[in-house]
Each structure stands twice: as structure tokens, then as C-alpha cells.
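The values are calculated or read from the model by the stated rules, or taken from the named source; none is laboratory data. As the structure is a prediction and not an experimental result, all values here were calculated from the model. So basically every Cβ, Gly included, is an ideal-geometry build from the backbone, and we count neighbours across all protein chains shown. Accessible surface is based on the protein model in full, side chains and every heavy atom, while ligands, DNA and RNA are left aside. Shrake-Rupley method; radii C 1.70, N 1.55, O 1.52, S 1.80 Å.
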Amino acid sequence: MNLNPMIGLEIHVQLMSQTKMYCRCSCSYSDPNTNCCPVCYGLPGALPVPNKYVFDLASRCAHLLKCSLNEFSVAERKNYFYPDLPKGYQISQFLKPIGENGEWFFFSEGVECKARIRRIQVEEDTAQLIVKGQDSLLDFNRSGIPLLEIVTEPDFKNSREAGEFLRSLRSSLIECEISTGKMETGAMRCEPNVSVSVDGRVSNKVEIKNLGSISGVEKAIKWEIACQVKQVEDGEVVNSVTKGWDESSQKCILQRVKESASDYRYFPDPDLSMIKTRKSSFDVLTPYQKVKIMMDKGVSFQMARTISLNHKVFNYYQSFPKGINNKELAAWITGPLSSFWKNDSSVLGISPKVKDMTELICYVESGKVTRAIAKEILPKLIKGSDIDSLINALGDSNYLSDQDLSVLAEDIVRQNPGIVEKYLNGKTAVIKSLVGMGMRKSKGRAHPELLKLEIEKNIKLT
Amino acid sequence: MLGYPNDFISFSKSLSLARQDKNNIFISLVCEAKDSSVPFAVKDNICTLTTPTTCASRILDGYISPYEATVLTKLKKHDCFEVGKTNLDEFAMGTSSETSFYGPSLNPWDPTKVCGGSSGGSAASVAAGIVPFALGSDTGGSVRHPASFCGVFGFRPTWGRVSRYGLISMASSMDVIGIFSKTLNEVRWVFDVIKGFDRNDSTSYDVKENITFGSKKPKKVFVPKLKDLAKIVELYIFEDFEILIKDLAKENIDIQEIECDIFENSLPVYYLICYAEVSSNLSRFDGIRFGPKNNHHADVWRKDSLGEEVRRRILMGCHVLSEGHKEGLYEKAVHLRKHLSSTLNDWSKDGLLLTPTTPSVAFGINSKKDPISMYRQDFFTTAPSLAGVPAINIPWNKYKGLPYGFQVSSGVDMDENLINEALWINNFSKWTR
């Protein structure tokens, strides 16, 4: 079977603006219908007044996604009726969006990928429709919140690629202060569209809505591909429909059948003049570039990926002196430090101090401190203790004495005759497992190099 | 037949006396007004706080706006007080003020005739001497047309010079708030109060000018070719216009004749753009957030509550913007509008455009049934609207006791200059008070 899924993404991002897009109301979270004015309610006679900062943020995003920027961007009305749309039209963009024809590089499972960006545009959010029993309630706090819509070409071949694209994009949107990227609050929403080609038979495009997380996006796409493949194989026609992801049943559920293409009767909003877009000079490294930089220094892909997805973590990584062992540093960051930061995100990328951490890594590398001991020291270091005094306090108890080390080596050799025999038969690699046992037994206080020598000495003695 | 003029839909709370005795409005006004304050009337599509804002439509019957239009705030600061809200064609769509949900306004010169539209009530209230000035709105001629039928000055400013915040939109790209008064001096005074940038209307702006009020002779005047004009307007208007041209020529003013095509073509261009914007602007009237409480679906409610002309324009607008028709209708109209706009603004560099305002005097109530013949009332007024330029109706003469006026228009932002030139041309007017 020759299977080719085609996945495109439509991403809505709430822009990080204090005030709404076409009025001066606050965008902050508040009790229903408290951040509202005649413009938000679409009252007769109210007029939109554009928030210039929103267009600057959008231009910044166009720059990030390497889009060609339309110097004069046009706000157009998208006309349709819905209770959550107070004016009966949404001020959006059509012919001249902020940016067009961009691209985004990213890694998926260690492989370089590229997605083409069709367009990015700004539009106002609608009100929120809340159904409570028999009643339909409307909260206009959301009405007019600035949104950025990013539309990709159908360039993703599987759910993982779509997910990794979103993760890396989200990270950059946060770093550029374009959006909070919080999917759980709806600040970032994604609607994938999926079609498959099975042995040349192509299915119609299915849109999936209602996705609250990136892993949800991945699961929904995976499910939808499987569903469509089965349909195509069974000779069924896949209809162009809209589905919704149901978290409880882990299935895509049919929401609505598209009878015909909607005609939104776009036309330039006569209440607004053309918008002159200012070019952005906001440059950041994308996660893709970050991964490459780290991998060049010998960091594994998995670790580099993790570090690249949070700019604060990456900046922390970058602030270490050039000579540092990057592999070791990456291991510390993705290991003990990340679990520490998970508990206290306020010190993410700030604590422990780079200087202290550098010294600690040097101590471990030089063999002065074992990794296990270093991990034990870490919490004290974070609390602000001085590293030198911490190391000094360890005294000799840090490592096993020579005598203890030889006793340990002797014990291990005696207790593992089978492994020793293998070693003697030429499988010298097994020494590693003996050293490992010794490390565990000593709770990390044996110096691995010295222990290895001691074990080898002991084997030769037997 | 209505027993009273029906100029007003509602009266300001302080004028409860007037409400009880509609024939005695003038007297009650004198009682209520402070010595220093100036009363004025407001077209009922401009939002006010103390009186309902209905657009003369059932869909907004009794609606009280929670905010007021910028022009109202500015006028109040200058010791003007709002007397009441004047009648209009529903949502300002019409040229007779007959399509109002509250019935037609009557012409103060003859109660069997219409007062023009759509700002008919405002024009009539000034003509009848109830208020010294009134605010209207002009999209395709809605200030100039009733001003001509009622015999008052009606001024349409450059689009953008007066804030539209609080004016309920009909066709946003042409809507402006205009002024009615019996003298140009008062027109200029009101304009000076209401003009200028408003932070609530991003299309509004300030113009730095230093032109004081005073008569100014124009250098050049563009007029429609007389032989074409004879086919368009009534004979009495034609004759007066011919006399005026001769008078102007005697004053050594350069007279240049232009083809009437520009007006003939403006009409369809105007209506196509107007329909398109109307269809979108009126979408918000879905009966959910404001207007009378109802339990109907939006489509049923709109069908029941909006008048025939309003529904016609909405439907036409949806058609004009729909896929497959947009290119040939809406986009073509936008293209032609640009061309027309540059032509008019080019002329204004040298002089004025002078035309009759209306093709006739006021017609009888219920006498025009066909929408096209109603649309043709806008023959001379839509071109300045499309170009966004200022234009004024000068009350010129009366025919069988009914007034008619002439229109002068110029270029973008030349409002103050136009008022001065209109003042000069007004010297030739046969209007007698």
C-alpha cells in the first residue's frame, strides 16, 4: 500500500496585546461582559479604531516565518451570521494579508523538515457562546481580542511532524512575545485538515476542530488518517466535513457536513483606512537553528530538542562559557535541572547561577566530585550556598579511600565469577558492568576510572 | 392625512410639554431654553443619550443608545441643547422621508408634499423655524436633497472631517454628518464646532486652515451642458440655472461646460457601492443585543421589522458582493469611483462644480412608487458623495410656492473655502425670506 497523508494546519494565536484590536478595552481575563464597550458589542454607530501594536506584532510574526510582508495591508469584512459575531461580520483579511509565502524549518524525529506558510493574517476574535442548560449566554469579553491566523500548506506527512512544527513554532511565538502560546486557555488553537492518498486514490479534506493541546492535535490526526485509510480501502467516499476531537472517547466526531462553499462576501472595511505595516527587525534563533548549534557541539538530538523548545532554557545553555563540556551541560539541563525547574518555574533559566554550575560540572569532569555527589550538592547550591565551601565540606568523604576502593573491587570480583570469566575469555567490554555494580554499591562515591583499574588489578590477581 | 408636520420622532426629556402639543412646539421651546443656549434638532440615526435612536425603523423602536455621538458631545460643550430627534427615511435610505416606520414628514411649505430625504425631518424643522440648525446625515444627497425641497442651506462636509462616531452607518465610505441652517454663517459656526479628529473614528482628521468666514468670488465654474440639462430638470429650474450662468459670465467668471455623463454614471456606481456596504452594515440588527425584545429567529425578525427599501438594498448588496458577481458589479463600481473621484478633485483645483440640487420641486406624498424614479432624485448629488468632496445646497427660488436649490461642490478639504464661495454665489439667489 502506498499511503500519503497530506496535513495542513490553521493556527489561531491570541496576540499579546494589552488592549483589543479595534477598541481600547482590556484583553485581560475578567468577569463576563466587563471588558466591553460599544465596539465590542457591535452597537449601532460604533466604529473600529485599529490598535497599531497588533499590526506590529503581526509584522514580527511575518518576519519570524520569513513571509513577504505586504507594505499596505487591508482589513476586510468577512460577512456571516452567528450569535457570537455581534456585527454580523468579522474584521479579517483577504486579498492583502500581513504576510504571504513564508517557510518554517523544524526537526521531527531527528529529521529536517520544512513547512511552507501560505499566509498570516490578523483578525478580531468573536464573542464566546456559552450554553447553560436551556440558555445560550454570550460573553463579549473575547469579542475583539486580536488574533493572528497562520495557514500552512498541506506539507505535513504524519501527525508527529505536525506536532513538532507546532511545538517549535509555539516556542518562538513565546520568545518573540507574540503570544503566550497557552493552548489550555485558548491563546493558541489549531485546526488541522487531513486528507490521504492511498495508492493514488485521494480522499476529501476533513477539518478537525476543538483541539486543546499539541498532543491532542497529534492524536486526532493519527486517528483521522487511520479512519480515512480504512474508508478509502473499503471503497467509501471520504466527505469534506468538519469533525471535532472528543477527548473522552479519543475519537474524531462528525460536527457538520459542508453542503457548499460558504460565500463570505469579503470587501475592504470602509470604516478603516489601509494599514501601513512597519517592518520588524526582531531577530531570534528558531528552535531548528538552536538544535543545529547544539548538535554541532556534540549534544544528542533528544537533549537539543528539549532545550530548544524553551527559550529561557536555551538562553541558560548559551550563557555558559565556551570551554564547557556541552554534552555534560545538556545532560544536566535536561536531567536534574529540568526536574528542579518543573517544581519552581519562577527560577527557570535563572538558578542555579551559571558560575556555580560551571564549576560543579568542572569538578565532576576533573574527577574531584562524583556525579552522584554533585547531584546531592545541587539543592544546596541552588539555595545559595557557596560551591567551594560545599566541596570543601565534603572533605575526603567525597570519594572512597584507596583502601575502601580495593575492598570494593575485591568484593565485586569475588561475587561475579561468571562475568570475570567472560572478561578473561577476551570479552573485555564486560568490565563496564562490573564498574557499574561498584558504582551502585558505593552509591556513586567510587571514582569510576580508579575503580576500573582496581577491578582489572584484582582480576589479574585471581 | 397627518394633522401635524411629523418632523420629530421623539423629543428631549426637558421638552415634555412639546410632546403633548405637537402643534405648539415653538412656544414650548422658548419656555425651556436658557438665554444663552442654542436649540438644535438631530436626525434620528445619530446616537443620543436622553432620547431613543430609532433610524425610523421598527427594528430599533425605543432603542436608547448607551453612548452619544461625538458631534453631540462637541455641540453640548458649546451650549447647544438637543431638542429632539427628527424623522427620516428608514435607515436613511430614500429621498422623501416617507419610508419611516413613524410615517412621512410633511413639507412645511405644503403639507401634501414630501420634504425630501432622507434627512427630511431635520430640513423641515429648520425651514419651519423650530430650530436654528439641525444635524442630518448625507450619503448620496440626504442633506442636500431635503434642503432643496425645504428651502434651507444644507452642507455636506468632506468625508472624514466630521467624526462619524455615533452615526448609525448606512454606507460607511460615503456617510457624513451634515448641517442644515437658514444662513451660511450658522452653517460655518456649527461646522467649526463639530469638525476635527476624534479618537473614536479612525477615519476622522484635522485640517490646518486659516480661512475666515466671508464672501469669496470663484475663478471658474464647471456646469453641466445646458442642452443635456434641459432633458433632466424641470423647465423652471433650467431657466433659473441659465440666468445664473449668464450672471456669472458677466462677472468674468470662467464658465466651463461638462458632459452630463458623469452624473448619469455616478448613479449606478453609487447604488452598487451603497448596496454592498448596506448589506454588511445592517447585519448587526439581528434582534439579539438591542432593539425591541422578541422571540424570533434573526431572519424572521429582520423580515418583519425592516421595511421594503431596506430589505431591497440588503438583498441587492448580498448579490453585488457574491462570488461570480462581485468582480463585474462591486469591484467595477469601486474602480469607476476612483476615476470619478480624481476627475472631480481635478476640477476643484480651478473652481466649483455648480448644478441644480434636485431635478424638481417637492413631489406629492405617496406619488412615487417606483424605486428607480426615487433613485433618480439623487442625479446631481451622488457624484460629490462618491468623490468624498464637500457640497452645499443653496436655496434658490420657489416654484408654485415650493422651494428648490442649487448645489455647489469643490475638492477634498476645501470646505471652508466652499462655504465662502457659496456665500458669494448666494448673492444671485432669488430666494426671499
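Give the distance, in whole Å, between the Cα centre of region A:168-193 and the Cα centre of region B:291-363.
One Cα centre to the other: 42 Å.
Starting from the 7 Å offset along Cα-to-Cβ, what nm value, one decimal, do you get for the label separation of A:Y53 and B:L235?
According to this spin-label approximation, the distance is 7.0 nm.
For region B:196-218, which residues drop by 30 square angstrom or more in accessible area between the chain on its own and all protein chains together (1.4 Å probe)?
SASA drop of 30 Å² or more in region B:196-218: B:R199, B:N200, B:S202, B:T203.
Using unit Cβ charges (K, R positive; D, E negative) and no other charged atoms, how large, in debye to the nearest 20, is the dipole of region B:113-262 about its Cα centre?
In debye, rounded to 20, region B:113-262 gives about 280.
Scan around B:S10 for amide H atoms under 5 Å from its own, H built in the peptide plane at 1.01 Å from N, and keep only partners 5 or more places away or cross-chain.
Under 5 Å from the amide H of B:S10 lie the amide H atoms of B:K85, each far enough along the sequence or on another chain.
For chain B, what does -39500 (n - 2.57) per DSSP helix run (n ≥ 4), summed and divided by total residues, give at 222 nm, in deg cm²/dmol to the nearest 500? Can you show the working numbers first?
Working: 15 runs with 152 residues, N = 433.
Only helices count here, giving -10500 deg cm²/dmol.
Which percent of the accessible area of region A:3-276 is formed by carbon and sulfur heavy atoms (probe 1.4 angstrom)?
Numbers: 5760 of 11620 Å².
Carbon-and-sulfur percentage of accessible area, whole number: 50.
Expressed in nm to one decimal, what extension gain is obtained for the pair A:E177 and A:L461 from 0.36 nm per residue of sequence separation less their Cα-Cα distance? Write down the numbers at each step before the final one.
Details: separation 284, 0.36 × 284 = 102.24 nm, distance 6.54 nm.
Full-extension gain reported as 95.7 nm.
Using the charge dipole of the protein assembly as shown (Lys, Arg: +1 at Cβ; Asp, Glu: -1 at Cβ; taken about the Cα centre), state which of B:F155, A:V354, A:A162 has its Cα farthest towards the positive end.
A:V354
Name every cysteine in chain A that ends up alone, with no second cysteine's Cβ under 4.7 Å, or say none.
A:C23, A:C25, A:C27, A:C37, A:C61, A:C67, A:C113, A:C176, A:C190, A:C227, A:C252, A:C362
Report the one residue of A:I455, A:S433, A:L405 whose Cα lies farthest in the direction of the positive end of the charge dipole of region A:402-461 (charges on C-beta: Lys and Arg +1, Asp and Glu -1; origin at the Cα centre).
A:S433
In sequence order, what are the phi-derived ³J(HN,Hα) couplings for region B:68-84 according to the Karplus relation 6.51 cos²θ - 1.76 cosθ + 1.60 with θ = phi - 60°, rounded to whole Hz, with x for glycine and proline?
10, 5, 4, 4, 5, 4, 5, 5, 4, 4, 9, 6, 9, 10, 7, 8, x
Which residues of region B:265-314 bury at least 40 Å² of accessible area once all protein chains are present, versus their chain alone (1.4 Å probe)?
Flagged in region B:265-314: B:S280, B:S283, B:R284, B:I288, B:R289.
Set Lys and Arg Cβ to +1 and Asp and Glu Cβ to -1, take the dipole of region B:345-390 about its Cα centre, and tell me which of B:G364, B:Y375, B:L354 lies farthest positive.
The one lying farthest along the dipole's positive direction is B:G364.
Show the residues, 5+ positions off or on another chain, whose built amide H is closer than 5 Å to the amide H of A:Y89.
Under 5 Å from the amide H of A:Y89: A:Y80.
Go through region A:31-78 and flag every residue whose accessible area shrinks by 30 Å² or more with all protein chains in place compared to the isolated chain (probe 1.4 Å).
Correct list: A:P38, A:L43, A:P44, A:G45, A:L47, A:V49, A:R77.
How high is the relative contact order of chain B, given as a whole-number percent (alpha carbon pairs under 8 Å, six or more residues apart)?
18 percent
Return the carbon/sulfur percentage of the accessible area of chain B, one whole number, probe 1.4 Å, all protein chains in place.
Here it works out to 53 percent.
If one takes the accessible area of chain B alone plus chain A alone and subtracts that of the pair, with a 1.4 Å probe, what total in Å², rounded to the nearest 100, results? List each step's numbers first, then the result.
Working: alone 17370 and 23810 Å², together 38400 Å².
That pair hides around 2800 Å² of surface in total.
Would you kindly derive the ³J(HN,Hα) couplings of region A:155-161 from the backbone phi angles with the Karplus curve 6.51 cos²θ - 1.76 cosθ + 1.60 (θ = phi - 60°), listing them in order in whole Hz, with x for Gly and Pro?
Each residue of region A:155-161 in turn: 9, 8, 9, 7, 5, 5, 4 Hz.
Got a number for carbon plus sulfur as a percent of region A:402-461's accessible area, 1.4 Å probe?
So the carbon and sulfur contribution to the accessible surface is 55 percent.
Counting only other chains, and only Cβ atoms inside 10 Å, what mean value do you get across the residues of A:84-95? Spell out each step's value before the answer.
Details: counts 0, 3, 5, 5, 9, 5, 0, 0, 0, 0, 0, 0.
The per-residue average across the peptide is 2.
Can you give the Rg to Rh ratio for region A:132-235, taking only C-alpha atoms and Rh from Kirkwood?
Rg/Rh: 1.06.
Please find the FRET efficiency linking A:Q250 to A:S319, where r is the Cβ-Cβ separation and R0 is fixed at 60 Å, and quote it to the nearest 0.05.
0.90
Could you give the alpha-carbon Rg of region A:287-398 over 2.2 N^0.38 Å, rounded to two decimals?
The reported ratio for this selection is 1.05.
Measuring from centroid to centroid over Cα atoms, what is the spacing of region A:111-134 and region B:44-79 in Å?
37 Å
Using unit Cβ charges (K, R positive; D, E negative) and no other charged atoms, how large, in debye to the nearest 20, is the dipole of the protein assembly as shown about its Cα centre?
Result for the protein assembly as shown is approximately 1220 debye, rounded to the nearest 20.
Would you kindly find the accessible area of A:I350, with a 1.4 Å probe and non-protein molecules such as ligands, DNA and RNA excluded, rounding to the nearest 10 Å²?
110 Å²
For a paramagnetic label modelled at 7 Å from the Cα of A:Y29 toward its Cβ, which residues of region A:188-210 fall within the zone defined by backbone nitrogen distances under 14 Å?
In region A:188-210, the label zone of A:Y29 (backbone N under 14 Å from the point 7 Å along Cα→Cβ) covers A:188.
Using the Karplus curve 6.51 cos²θ - 1.76 cosθ + 1.60 with θ = phi - 60°, work out ³J(HN,Hα) for each residue of region A:201-213 in order, rounded to whole Hz, and write x for Gly and Pro.
8, 9, 8, 6, 6, 10, 9, 10, 10, 6, 9, x, 8
Rounded to whole Å, give me the distance from the Cα center of region A:348-422 to that of region A:290-310.
Spelled out, the Cα-based centre of one part sits 26 Å from the other.
Quick one: which of A:K182/A:K279; A:K157/A:K243; A:K383/A:K443; A:K290/A:K443; A:K209/B:K326; A:K52/A:K132 span more than 28 angstrom between C-alpha atoms?
A:K290/A:K443; A:K209/B:K326; A:K52/A:K132, as the Cα separations exceed 28 Å there.
Rounded to whole Å and sorted largest first, what semi-axes of the equivalent ellipsoid does the C-alpha gyration tensor of region A:402-461 yield via the square root of 5 times each eigenvalue?
Working: eigenvalues 61, 25, 19 Å².
Taking √(5λ) for each Cα gyration eigenvalue gives 18, 11, 10 Å.
State, as an integer percentage, the relative contact order of chain A based on alpha-carbon contacts under 8 Å between residues 6 or more apart.
For chain A, the relative contact order is 15 percent.
Under a plain spin-label model, where a point goes 7 Å from the Cα along Cα-to-Cβ, how far apart in nm are A:S401 and A:K66?
Taking the two extended label points, one gets 6.4 nm.
What is the magnitude of the charge dipole of chain B about its Cα centre, with +1 placed on the Cβ of each Lys and Arg, -1 on the Cβ of each Asp and Glu, and no other charges, expressed in debye to the nearest 20?
Dipole of chain B, to the nearest 20 debye: 460 debye.
Report, by chain and number, residues whose modeled amide H sits under 5 Å from the one on A:C190, excluding near sequence neighbours (fewer than 5 apart, same chain).
Long-range HN contacts for A:C190: A:H12, A:L211.
Give me the accessible area per residue for the protein assembly as shown, probe 1.4 Å, as a whole number in Å². Before the final figure, lay out each step's value.
On the way: 38400 Å² over 895 residues.
Counting only protein heavy atoms, the per-residue value for the protein assembly as shown is 43 Å².
Does the protein assembly as shown come out rounded, prolate or oblate by the C-alpha gyration tensor, with a ≥ b ≥ c the root eigenvalues, rounded set by a/c under 1.5 and, if not, prolate when a/b is larger than b/c and oblate if not?
Working: a/c = 3.08, a/b = 2.76, b/c = 1.12.
It is prolate, given that a/c is not under 1.5 and a/b is the larger ratio.
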